[in-house]
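Input: a single structure, listed below in structure tokens.
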Amino acid sequence: MMEKTLQRTSLQDQILKLKKDKNAVILAHYYQEPEIQEIADFIGDSLELAKKAAETQADIIVFAGVHFMAETAKILNPSKRVLLPDLNAGCSLAESCPPEDFRKLKKQYPDHVVVTYINCSAEIKTLSDIVCTSSNAEKIINSIPEDKPIIFAPDKNLGRYLRQKTGRKMLLWDGACIVHEAFSLDKLLKLYKQHPTAKIIAHPESEAHILKVANYIGSTSGMLNYVKNSENHTFIVATEAGILHQMQKDVPYKTLIPAPAKEDNTCACSECAFMKMNTLQKLYNCLEKEEPEILLSPQLMKEALAPIERMLELS
Ligand code: 13P
Ligand code: SF4
């Protein structure tokens, strides 16, 4: 145990030294392993990470997150080197929306405004009018003239939630996050019976029946703020379990219980296998070798930038 801690600390120290020597910045999502979060320059939700990527002065951005996040950072910084510790760190939402199929749908509804959740590929972004994240989605939808119908992709759960919140006519792509669709309502309600004073908080990528019983619905940062500012002591947290690290640091005296998954697994919670592909060792290797690097064609970056910039202007 002692040895493991020392070894880990030395690897973390080596990463921090390399980072300084190379003028690199490490941006990490809340779903990353705790030891990665601990050495990140900034931890945030998708919107905050995109904003940080847009304003960084570093020469190298190491993105401890998934592919679409690193891609967004590259689009915002075409001249910078953007590294992703594991290039296979994908996302079920991004994969659910192949550009060819999406192009066909778009053609059928030429009068629709296309809003895409940031969890999609750069090519899908080039087909979008405006991008959104879970923390600004409602605002983005409300910014669209009321008489305009909307195509929303790729997350049907977030889309359904937004349709309900805004009352807008929205055509939804049939995509979902495997992590947020893994929660069991039956198990959640049983857990709630054991902790009747708990507040249930959920990410809007969760299914409608989970959102229906939630006391608060919001992005990862929204959930963190809610738990910090609430007078309640106990929370059942329906999002990827990695968030519990930062949350518990923010409120060490509060009780945080991960929402249970349908299938029994090692953590009895829901973990994103894509996010967890990044390890401390891979982070060290990528910073040392300066690869794997996100490489995109200048044309693709130019076309994908416009809908991201529109989002940032409104955020
Ligand atoms: P946010 O951090 O923007 O809430 O997104 C959650 C998520 O699933 C990222 O992949
Ligand atoms: Fe994609 Fe879901 Fe993993 Fe986020 S948690 S990266 S939405 S699969």
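The table that follows gives values for the structure above.
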item: Subset of region 255-278 [over 27 Å from LYS228 (Cα atoms) and out of contact with any Gly (no Cβ under 7 Å at 6 or more places or on another chain)]; result: LYS262, GLU263, ASP264, ASN265, THR266, ALA273, MET277, ASN278
item: Residues being farther than 10 Å from THR116 by Cα and either in a loop (DSSP other than H, G, I, E, B) or among the hydroxyl-bearing types (Ser, Thr, Tyr) (or both) - total across region 129-138; result: 3
item: Check on ASN88, surrounded by fewer than 17 Cβ atoms within 10 Å (Cβ to Cβ), of a type in the set (S, T, N, Q), over 21 Å from LYS169 (Cα atoms) and within 16 Å of ligand 1 (Cβ to nearest atom); result: yes
item: Residues that are within 16 Å of ligand 2 (Cβ to nearest atom), in contact with a strand residue (DSSP E or B) (Cβ under 8 Å, 6 or more places away or on another chain) and without any contact (Cβ under 8 Å) to a residue 40 or more places away in the chain, drawn from region 89-138; result: ILE124
item: Answer residue from region 189-220, given it is assigned to a strand (DSSP E or B) and in contact (Cβ under 8 Å) with a residue 40 or more places away in the chain and is farthest from ligand 1 (Cβ to nearest atom) among those; result: ILE200
item: Lone qualifier among SER121, SER96, SER134, SER128 - being surrounded by 16 or more Cβ atoms within 10 Å (Cβ to Cβ), more than 16 Å from ligand 1 (Cβ to nearest atom) and among the small types (Gly, Ala, Ser); result: SER128
item: Subset of region 9-26 [closer than 20 Å to SER79 by Cα and without any contact (Cβ under 8 Å) to a residue 60 or more places away in the chain]; result: LYS20, ASP21, ASN23, VAL25
item: Identity of the residue in region 259-311, β-branched (Val, Ile, Thr) and surrounded by 13 or more Cβ atoms within 10 Å (Cβ to Cβ), that ends up farthest from ligand 1 (Cβ to nearest atom); result: THR279
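Residue by residue, here is whether (1) in contact with a His (Cβ under 7 Å, 6 or more places away or on another chain); (2) part of a helix (DSSP H, G or I); (3) aliphatic (A, V, I, L, M) holds:
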| position | (1), (2), (3) |
| --- | --- |
| LYS125 | no, yes, no |
| ILE140 | no, yes, yes |
| PRO145 | no, no, no |
| PHE152 | no, no, no |
| LEU162 | no, yes, yes |
| LYS165 | no, yes, no |
| ILE178 | no, no, yes |
| LYS187 | no, yes, no |
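Bear in mind that the values in this text are calculations on the coordinates, not laboratory data. None of these values were measured; they are calculated from a predicted model. Please note: Cβ atoms are built from the backbone with ideal geometry, for glycine as well, and neighbour counts cover all protein chains shown.
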